[in-house]
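K.L.:
Dumping the structure here so I can ask a few things about it.
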Amino acid sequence: MTSVEIGLWVSGFMVLLVVIGMRVAFAAGLAGLIGLIWIFWSKRGYDPEMFGWALGVAVKTAGQVPHGKVANQALSLIPTFILIGYLAYYAGLTKALFEAAKRWLGWLPGGLAVSTVFATAGFAAVSGASVATAAVFARIAIPEMLKAGYDKRFAAGVVAAGGTLASLIPPSAILVIYAIIVEQDVGKLLLAGFIPGLFSAVVYGSLIVGLAVLFKRVGPPVRGFTWGQRFAALPPALPIVAVVLIIIGFVYNPFGEDAWGTPTEGGAIGAFIVFCWAVAHGMRWPELKSALLETAKLSVMIFTIIWGVLIYVRFLGFADLPGAFSDWITGLDQPPMLTLIFILLAYAVLGMFMDAIGMLLLTLPVVYPAVMALNGGDFVSAEESAFGMSGPMCAVWFGILVVKMAEFCLITPPIGLNCFVVAGVRDDLSVQDVFRGVTPFFIADAVTIALLVAFPAIVLWLPSLA
Amino acid sequence: MANSGAVREDGSFLSRLDRDLARLERVFALVSGLAVFSIMLFAVVSVTGRNLLNRPVPGYVDWIEQLMPFIAILGIAYAQRDGTHIRMDLVVGRLKGRALWAAEILGVLAMLALMILLVWGTWAHFQRSFDFAAPLWSRDSTIDIALPLWPAKLIVPMAFSVMVLRLLIQLAGYSRAFILGLAAPVAVPLIRSAAQVAAEEAEALNAKGG
Amino acid sequence: VEWNASLWGSRRAFTEHVEKLAELVAEKSGGEFTINVSYGGLSKNTENLDGISIGAFEMAQFCAGYHRDKNPSITVLELPFLGVSTLEEEVAVSHAVYAHPAVAADLGRWNAKLLMTSPMPQYNIVGTGEPRDELAEFDGMRVRATGGLGQAFSAVGAVPTSVTATEAYQAMESGVVDTVSFAQHAHLSFRTIDEADWWTENLNPGTVNCPVVVNTDAYAALSDEHRAILDESVPEAIDYYLENYGALLDRWEEVLAEKGVEKVTISEDQLAEFRKIAADPIRETWIADMSAQGLPAQELYDLVMDTLEQTRAGN
Ligand code: NA
Ligand code: NA
């Protein structure tokens, strides 16, 4: 059996383990370890006496991965982003944001829903996780929308969709993970998420305004705030602005002078500001301790998937499966753009059943090199490329596309985690209700993705400046 | 997907073991959380040092890399206790009674096999970086300021050994449930629907004053 | 026989000798002995020696400065201001050191046999703003330099800053560092040259040493014929590397002219001053530390100096 065939069998085995319910990190790690044993043993012609040797080499090779791969400075962004999210609750930032958005945007048709979308976008600037964002706003925004006479399903849909913005607008844990797997510049990717994130928010907002004009179930505008009240609502939300400015300043100084540091430092300084704000709002050791424990738990969950999957990826390296897949994809007799669209559709299907981080980690090691090869290679110039962009830019563009796909999957049935979360928060809403309410956004997302594919400049303009 | 659940407790020997180990796991997790916190403080020191005093922290990257295994690995068993490590429960979620416990036993056995082998593999990784005869016992060091790598490498088999103990307790818990036909056994995370999970998560957030 | 070679990054001037070696070996053995070159698929670059030690792959490239404690003996080649000025001299001193029994024993603990070096030119610096051609101007300069080079710069008051190679461009552009110390091919591929206003032509502060090693057991298990093919292909592979890198250095001159990057020449007495402040104390500390570990440190340093002299005399 060739090593590529071994690669395919083991990959199939891993998918089976995941589907029957083995925890993703361990399914990937176990499949990778078994694959390594198989590969090394095959090198010795399956000699029974050499099995012990193959086992030892495989186990020691896999044993390098957990420490070797997590001891990476860029990965420190993940726990700091998670910590920022937890600290933000104590700082009272979520309520402050919603209040400010309501006073400034409430006058629009469907004003409360529009406010919800932009408040989630604002919260996204301190939160790296979509599901947490949806959970928080389900508590704050849905009651207000119901009071104003919104259809409950629609109100739930707004929150579920708004939550997805957290993973595009920096900080974003999932973009960091993408950058690590594909070994690209973290700062560029975070920067690239900004405009598509805001763009998605604007598409959601326009959709709501349109629906509000057409249908009664979208509630009436909320008027009557004075300019004084509007400005009064801003200071409590200030740390968000500070964090946004700092993260931008650390990646690309808008004032044209020296940047203040690396993205990893920027994330950490952002966390420090929110921490100070939370202390000023009464956070003490017991609250901090539980925030730290929660951060530790969520971080270790993500990192376990990372090293588990990277054991599997190490095996793929020995099996040379990514090379073979890439050769196959580039050898297809059809336009590269069509192939890319098929890849994105495959993500839509996969994402129905899988968690976003797990999905990216499992697929990118094979899919990413293929997409880069499709464009013409890692260092291709824009003129000679298939998609009209240089190799590094293609890495950024594809990253934003797959993250947007992963976010899309958070609101699609049957496993749309954001919808589950919203339904879980509200006793009066079933999961089916939320899925029905989120359907218009589902279409909005499809439109957004099509636009990002058709007009890569939306994604690439900002990072090309830096 | 993520189905972390409360773990039932009672006065039985197994439940006592579960709680004893949980105390250790909690300490590990707290150390891990403090490591995150120190990364934050460290960045503040580094940035102010560089920008205001033109004196960056020497080996900043090396120190962060030393802290990462504490964050990424140490809490692994803490997360396993209540089932935080994610999985797809489309299939498992439909099982009930003995069929469910049998499936859980198989899953835990597979994880146990992996973790035992990885204790071996990560210990070997530690050993290659450790040498009693060398200065600071170091046979492998960081790139910039040559910090010894063995302490951070030792964290991994240590945390994985605790994970093995945790899996053994869960194996006992599920086996007991299978043999006795229990509905809600102690010392194992109980599957709840995604909606239940979400409700509890939101409850927890709300309690914190979100 | 099928070997795996673990490298990292992508194919570049720095890896051409391994590619050439694979080509020569396959050709001479009629396809019976092949070497698959993998860029990062088999290991992380700082763990290539671990992989060799385990036996996961048969050949690997790494740099001594990645992990001083793993390979203390060959860090002699990374001491600042050794005075090596051409790639040919770099090859000669490296291979002389690799052949020393203490060095073979040092790497032998990793089950590794040193096969050949990957000669790199001196790590001259590029910088932005006014050219710095006097030692006094190095005071407070934020420089991206690692290991012994970093120590040398800090001896004259510069501030070595931790930035990875891939982050170097961004760090320079954003002002996190003022200058970056790299070999020419790296200034080109990590684009630091695009940000630069000047480049030091003759600072020649030192370089990094990146050997290619093979697993001892795999080497011993080769048939006599295959082992001979591998050994005799090494000089050819190195020649090819030197020729290829030479072409790159020609292009370097063109790029400097094209981008209007100023070549900064530092005066001989300033260089002598730098050597006195930085090179001598660092070398003495190195010799003391390594002797304490039981290595023939002075002997290794003398070997480098003697080889350098002979190489120059031979030309
Ligand atoms: Na975000
Ligand atoms: Na879905």
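The values are calculated or read from the model by the stated rules, or taken from the named source; none is laboratory data. Quick caveat: nothing in here was measured; it's all calculated off a predicted structure. Heads up, the Cβs are rebuilt from the backbone with ideal geometry, glycines too, and the neighbour counts pull from every protein chain shown. Remember, those area values only see protein heavy atoms, side chains included, never the ligands or the DNA or RNA. Shrake-Rupley method; radii C 1.70, N 1.55, O 1.52, S 1.80 Å.
K.L.:
Tell me, what HN-Hα J-couplings in whole Hz come from the Karplus equation 6.51 cos²θ - 1.76 cosθ + 1.60 at θ = phi - 60° for each residue of the range A:93-106, using x for Gly and Pro?
P.N.:
Whole-Hz 3J(HN,Hα) from phi for the range A:93-106: 6, 5, 4, 4, 5, 5, 4, 5, 4, 4, 5, 8, 10, x.
K.L.:
Enter the accessible area of residue A:43 (Å², nearest 10), with the probe set to 1.4 Å and all protein chains included.
P.N.:
80 Å²
K.L.:
Something else: With +1 on each Lys and Arg Cβ and -1 on each Asp and Glu Cβ, how big is the dipole of chain A about its Cα centre, in debye rounded to the nearest 20? Present the calculation step by step, with values, prior to reporting the outcome.
P.N.:
Working: 24 positive and 25 negative charges, 328 e Å.
My answer is approximately 1580 debye.
K.L.:
Please list A:297, A:69, A:216 from largest to smallest accessible area, probe radius 1.4 Å, with all protein chains kept in place.
P.N.:
Working: A:297 30, A:69 60, A:216 190 Å².
The residues order as A:216, A:69, A:297, largest area first.
K.L.:
About its Cα centre, what dipole magnitude does chain B give when the only charges are +1 on Lys and Arg Cβ and -1 on Asp and Glu Cβ, stated in debye to the nearest 20?
P.N.:
On the way: 19 positive and 16 negative charges, 59 e Å.
Charge dipole, chain B, about its Cα centre: 280 debye, nearest 20.
K.L.:
Next up: Of A:289/A:404; A:43/B:153; A:102/A:152; C:44/C:70; C:44/C:259; A:60/A:297, which sit over 25 Å apart, Cα to Cα? Spell out each step's value before the answer.
P.N.:
On the way: A:289/A:404 33 Å; A:43/B:153 29 Å; A:102/A:152 18 Å; C:44/C:70 15 Å; C:44/C:259 35 Å; A:60/A:297 27 Å.
Over 25 Å apart, Cα to Cα: A:289/A:404; A:43/B:153; C:44/C:259; A:60/A:297.
K.L.:
Here's a follow-up. For chain B, what is the calculated [θ] at 222 nm in deg cm²/dmol (nearest 500), taking -39500 (n - 2.57) for each run of four or more DSSP H residues and dividing by its residue count? Can you show the working numbers first?
P.N.:
Details: 6 runs with 138 residues, N = 210.
My calculation for chain B gives -23000 deg cm²/dmol from helical runs alone.
K.L.:
Oh, and also: Under the rule of at least 5 residues apart or a separate chain, name every residue whose amide H is placed under 5 Å from the amide H of residue C:3.
P.N.:
Residues meeting the criterion, in which the H sits 1.01 Å from N, are C:34, C:35, C:36.
K.L.:
A further question on this structure: With angles folded into 0 to 90 degrees, how steeply does helix A:285-319 sit against the dominant principal axis of chain A? Use alpha carbons for both and round to 10.
P.N.:
Value to nearest ten degrees: 30.
K.L.:
Say R0 is 35 Å: what FRET efficiency, to the nearest 0.05, do residue A:328 and residue A:46 get from their beta-carbon distance?
P.N.:
With R0 = 35 Å, the Cβ-Cβ based efficiency is 0.80.
K.L.:
What does the average come to when, for each residue of peptide A:185-196, you count the partner chain Cβ atoms lying within 10 Å of its Cβ?
P.N.:
Partner Cβ neighbours, averaged per residue: 1.
K.L.:
Taking R0 as 51 Å, what's the FRET efficiency between residue C:27 and residue A:234 from their Cβ-Cβ distance, rounded to 0.05? The partial results should precede the final answer.
P.N.:
Details: r = 72 Å, r/R0 = 1.41.
So, using R0 = 51 Å, E works out to roughly 0.10.
K.L.:
Report the local net charge at residue C:306: Lys and Arg +1, Asp and Glu -1, summed over other residues whose C-beta lies under 15 Å from its C-beta.
P.N.:
On the way: positive: C:312; negative: C:89, C:299, C:302, C:309.
Residues close to residue C:306 contribute a combined charge of -3.
K.L.:
With all protein chains present, calculate the accessible area of residue C:88 using a 1.4 Å probe and round the result to the nearest 10 Å².
P.N.:
Surface accessible to solvent at residue C:88 totals approximately 100 Å².
K.L.:
Full extension from residue C:99 to residue C:305: what is 0.36 nm times the residue separation minus their Cα-Cα distance, to one decimal in nm?
P.N.:
Working: separation 206, 0.36 × 206 = 74.16 nm, distance 1.50 nm.
The span from residue C:99 to residue C:305 would gain 72.7 nm if fully extended.
K.L.:
Next up: With angles folded into 0 to 90 degrees, how steeply does helix C:87-98 sit against the dominant principal axis of chain C? Use alpha carbons for both and round to 10.
P.N.:
That helix lies at roughly 60 degrees to the long axis.
K.L.:
What is the calculated FRET efficiency for residue A:242 to residue C:236, with r their C-beta to C-beta distance and R₀ = 51 Å, to the nearest 0.05?
P.N.:
Values: r = 61 Å, r/R0 = 1.19.
For R0 = 51 Å, the calculated efficiency reads 0.25.
K.L.:
Whole-Hz ³J(HN,Hα) for each residue in the range C:62-70, computed from phi via Karplus 6.51 cos²θ - 1.76 cosθ + 1.60 with θ = phi - 60°, x for glycine and proline: what do you get?
P.N.:
Here the 3J(HN,Hα) series is 7, 10, 4, x, 4, 7, 3, 5, 6 Hz.
K.L.:
Sticking with the crude label model, points 7 Å out along Cα→Cβ, report the distance from residue C:191 to residue C:273 in nm, one decimal please.
P.N.:
A separation of 3.7 nm, rounded to one decimal place.
K.L.:
Any idea what the relative contact order of the range A:127-247 is, in percent, if you count C-alpha pairs under 8 Å spaced at least 6 apart? List each step's numbers first, then the result.
P.N.:
On the way: 102 pairs, mean separation 30.5, N = 121.
Averaging sequence separation for qualifying contacts and normalising by length gives 25 percent for the range A:127-247.
K.L.:
While we're here: Give me the distance between the Cα centres of the range C:165-190 and the range C:43-93, rounded to whole Å.
P.N.:
22 Å
K.L.:
I've got another one for you. Given labels modelled 7 Å from the Cα in the Cβ direction, how far is it in nm from residue A:147 to residue B:183?
P.N.:
4.1 nm
K.L.:
Let me ask something else about it. ³J(HN,Hα) across the range B:142-149 via Karplus (A = 6.51, B = -1.76, C = 1.60, θ = phi - 60°), whole Hz, x for Gly/Pro?
P.N.:
Working through the residues one at a time gives 6, 6, 8, 10, 6, 6, x, 8 Hz.
K.L.:
Which whole-number percent gives the relative contact order of chain C, counting Cα pairs below 8 Å spaced six or more residues apart? Please report the intermediate quantities before stating the final value.
P.N.:
Details: 536 pairs, mean separation 80.7, N = 315.
Relative contact order comes out at 26 percent.
K.L.:
Sequence-distant or interchain residues sharing an amide H contact under 5 Å with residue A:380, placed H: which?
P.N.:
Placed amide hydrogens put A:391 under 5 Å from residue A:380.
K.L.:
Which whole number gives the average, over all residues in A:420-431, of C-beta atoms from other chains lying within 10 Å of the residue C-beta?
P.N.:
Working: counts 9, 7, 3, 5, 12, 9, 4, 2, 0, 1, 1, 4.
The shielding value for this peptide is 5.
K.L.:
With springs connecting C-alpha atoms under 10 Å apart, model chain B as a Gaussian network and identify which of B:162, B:57, B:186 has the largest mean-square fluctuation.
P.N.:
Looking only at B:162, B:57, B:186, the largest GNM fluctuation is found for B:57.
K.L.:
Taking the 0 to 90 degree range and rounding to the nearest ten, how far is the long axis of helix B:150-180 tilted relative to the main principal axis of chain B, both from C-alpha atoms?
P.N.:
Roughly 0 degrees, rounded to the nearest 10.
K.L.:
Suppose a student asked you for the relative contact order of chain A, using Cα pairs under 8 Å spaced at least 6 residues apart; what percent would you report?
P.N.:
On the way: 743 pairs, mean separation 110.8, N = 466.
Averaging sequence separation for qualifying contacts and normalising by length gives 24 percent for chain A.
K.L.:
Report the one residue of A:25, C:314, B:51 whose Cα lies farthest in the direction of the positive end of the charge dipole of the protein assembly as shown (charges on C-beta: Lys and Arg +1, Asp and Glu -1; origin at the Cα centre).
P.N.:
Most positive-ward Cα: A:25.
K.L.:
Check residue C:264: other-chain or 5+ apart residues with amide H under 5 Å from its amide H, H built from backbone geometry?
P.N.:
C:199, C:200, C:201
K.L.:
OK, next. For every other residue with a beta carbon closer than 13 angstrom to the beta carbon of residue C:283, add +1 if it is Lys or Arg and -1 if Asp or Glu, then tell me the sum.
P.N.:
-3
K.L.:
Determine the sum of side-chain charges near residue C:191: Lys and Arg each +1, Asp and Glu each -1, restricted to other residues whose C-beta is under 12 angstrom from that of residue C:191.
P.N.:
Values: positive: C:259; negative: A:185, C:167, C:173, C:194, C:195.
Result for the local shell: -4.
K.L.:
For C:248, B:52, write out the residues from largest to smallest accessible area, computed with a 1.4 angstrom probe and no ligands counted. Kindly include the intermediate steps, with their values, before the conclusion.
P.N.:
On the way: C:248 25, B:52 135 Å².
The ordering from most to least exposed comes out as B:52, C:248.
K.L.:
Putting +1 on Lys and Arg Cβ atoms and -1 on Asp and Glu Cβ atoms, find which of B:163, C:80, B:189 reaches farthest to the positive end of the dipole of the protein assembly as shown.
P.N.:
Ranked along the dipole, the leading option is B:189.
K.L.:
Nearest 20 debye, what's the magnitude of the dipole of the protein assembly as shown about its Cα centre given +1 on Lys and Arg Cβ and -1 on Asp and Glu Cβ?
P.N.:
Working: 64 positive and 91 negative charges, 1235 e Å.
Result for the protein assembly as shown is approximately 5940 debye, rounded to the nearest 20.
K.L.:
Shifting gears a bit: Using a 1.4 Å probe and counting only protein heavy atoms, arrange C:190, A:137 so the residue with the most accessible area comes first.
P.N.:
Numbers: C:190 70, A:137 0 Å².
Highest to lowest solvent-accessible surface, that is C:190, A:137.
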